[in-house]
Amino acid sequence: MFEKEERLLAEMKHETEKESMMVPDEALDSAIRSGIRAGERRGKKRYRLRAASAVVIAAAAVLLLTLWGGGSPPGPSPQLAQGPYPPLTGFDIADDITARTANRHGLIQPVNQSKSSGEYTVTVQGVLTGPQRLQVFYTIENHSGRKATVLREKLKQPDTGKELSYASSTGGDPLLEKGKWARQVNFYFEESTPIPETVTLDIAVAPYSTNTVHSSESPNEEVMEMDLKLDLETMRRFTSTVPLNRTIEVQGQTMTLKEAVLSPAGITVKANIPKENSMKVSGLFQPYIESSKEGSSAVQLGNSLTWLPGAQGDMTYFFESDALDHPDTLVLKAGGMHAVDRDDMQIVVDVKQKKVLSSPEDRIQFGDYTKSKDKYTLSLKYEERDFNHGAVSIDSLGFTDGEGKRHVFKEQEGSRSSSESTGVDGYWSTTMYLYLEPEDYPQPLTFDVSSFPGVIEQAIEVPIQ
């Protein structure tokens, strides 16, 4: 499928090898001795992804960076070249099968742009682009003598400065000691908002304090912005669409898998859930893609994020990918379907009484209700009873007050969920944070639930190739 591109990549690698042979051993040894340092791995709590138009924090492993010292910060490239490109170095992507595969095929686009503000310097080393996913690899250097924290990583429109609509997950410890650290961030876009050719990356950093741990803004923050021009043409050359048109039925409930899009940045599967279902169906249970190649063990490609059904029932699954390696088969597999009674899909809360009046299976508990100048925050708690049957998700379109008036969540805040293990049994306790506009609402408040962990278990297999 990609014979021409593979030939270009082989020629490029040959030229790179010839050039690397001309580097004197003494200079290389000196660079290694002066520049290598290892990042410290730090564990992080698992975060479940949910998003509307807000950045959503997700689980990610801490990256290990090998840095090369010396030299001046690289500047922006005056002209955008097309890939394949030389491999990205300095990032530990061994556990990221999508990035590792794309890098081996020369499809992580080098950027090498730096921006400094105050005591911090951000350098975007490279980007991996798909039709609906953008992965940014960058380093951040803390020149100060105190700890700092990354407050936010945003994408904006260069001409208007308006934030784009996406969900995101971050890899790398947000707590920064003095020195240079590697981070990567994945941005996931809806089909209706494709990735533009040029985006503005906004990274905000502030001195660490107890006030900045769970905040996205700080009066002492330093903001580093840079425009990134994306090589969409190379991405399109290595992207293909496979029609599926397969309807799945589980105990009378149906959903249709429409197509799979194979790109350097992962595999997306487009699906639709019809309104005619008697139950509230919110998608597949434990979906993954199995990649097989003769002579090798099968590889499981995980589901990194899912856009849940919208008003028309359309949804998108994001999976990791090794499709560039041309596996013999790719098969979508799942353990069943998420489905619950429609009557149970609301949470009614009275914040004045600090009480949840009703919820699915009466399993949601009141957490807290706090007020600040720019937003009100309602937190609700939920503990799993069925191992790995999924989490509760609140409809991102808004909520209804006690007088029947509809309200939207606070713009660019929306909602997020954080989860942590409750013990050796492997179950998880989840806290949902709902960010409301600062006003007094007639009670009680009613929130629609878009997903709840009810599962009809049944083995599902759909061949992709």
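The values are calculated or read from the model by the stated rules, or taken from the named source; none is laboratory data. Treat the numbers as computed from the prediction; the structure is a model and nothing was measured. Every residue, glycine among them, receives a Cβ derived from its backbone with ideal geometry; neighbour counts consider all protein chains shown. SASA here: full protein model, heavy atoms, side chains in, ligands and nucleic acids out. Shrake-Rupley method; radii C 1.70, N 1.55, O 1.52, S 1.80 Å.
Counting other Cβ atoms within 10 Å, which GluC sites (Glu not before Pro) in the range 294-364 have at most 16 and lie in a DSSP loop? Intermediate results must be reported in sequence, preceding the final value.
Values: sites: 294, 320, 361; in loops: 294, 320.
Those satisfying the criteria are 294.
With a 1.4 Å probe and all protein chains left in place, how much of the accessible area of the range 206-261 comes from carbon and sulfur atoms, in whole percent?
Working: 1270 of 2990 Å².
Carbon and sulfur atoms account for 43 percent of the accessible area of the range 206-261.
For the pairs 280/410; 156/229; 355/381; 147/178, flag any whose C-alpha to C-alpha distance is greater than 18 Å. Numbers along the way, then the final one.
Numbers: 280/410 26 Å; 156/229 13 Å; 355/381 11 Å; 147/178 7 Å.
Distance filter (> 18 Å) returns 280/410.
Compute the length gained on full extension between residue 198 and residue 429: take 0.36 nm times their separation in residues and subtract their Cα-Cα distance, giving the result in nm to one decimal. Spell out each step's value before the answer.
Details: separation 231, 0.36 × 231 = 83.16 nm, distance 3.95 nm.
Extending this stretch completely gives an extra 79.2 nm.
Counting only protein heavy atoms and using a 1.4 Å probe, what share of the accessible area of the range 113-192 belongs to carbon plus sulfur, as a whole percent?
Details: 1070 of 2620 Å².
Its accessible area is 41 percent carbon and sulfur atoms.
Label residue 293 and residue 457 with points 7 Å out from Cα along Cα→Cβ: what is the distance between them in nm?
3.4
Got a sec? What order do 236, 100 fall in by accessible area at 1.4 Å, biggest, i.e. largest, first?
Numbers: 236 135, 100 85 Å².
My answer, sorted largest first, is 236, 100.
Using Cα centres only, tell me the gap between the range 113-128 and the range 316-362 in whole Å.
The distance from the Cα centre of the range 113-128 to that of the range 316-362 comes to 36 Å.
So if each residue of separation counts as 0.36 nm, and I subtract the Cα-Cα distance between residue 343 and residue 439, what length gain in nm does that give?
Values: separation 96, 0.36 × 96 = 34.56 nm, distance 2.91 nm.
Separation in residues times 0.36 nm, less the Cα-Cα distance, equals 31.6 nm.
What is the distance, in nm, between label points placed 7 Å from the Cα along the Cα-to-Cβ direction at residue 333 and at residue 156?
The answer from the label model is 4.6 nm.
Say each of residue 254 and residue 104 gets a label point 7 Å from the Cα, pointing the same way as Cα to Cβ; how far apart are those two points in nm?
4.1
Could you give the length gained on full extension between residue 397 and residue 448, defined as 0.36 nm per residue of separation minus the Cα-Cα distance, in nm? Each step should come with its number before you reach the end.
Values: separation 51, 0.36 × 51 = 18.36 nm, distance 0.88 nm.
Gain in length upon complete extension: 17.5 nm.
Given a Förster radius of 56 Å and the C-beta distance between residue 233 and residue 350 as r, what FRET efficiency does 1/(1 + (r/R0)^6) yield to the nearest 0.05?
Numbers: r = 55 Å, r/R0 = 0.98.
Calculated value: 0.55.
Identify the residues of the range 272-300 with backbone N under 14 Å of a label point that sits 7 angstrom from the Cα of residue 191 along the Cα-to-Cβ direction, or state none.
Inside the label zone: 272-274.
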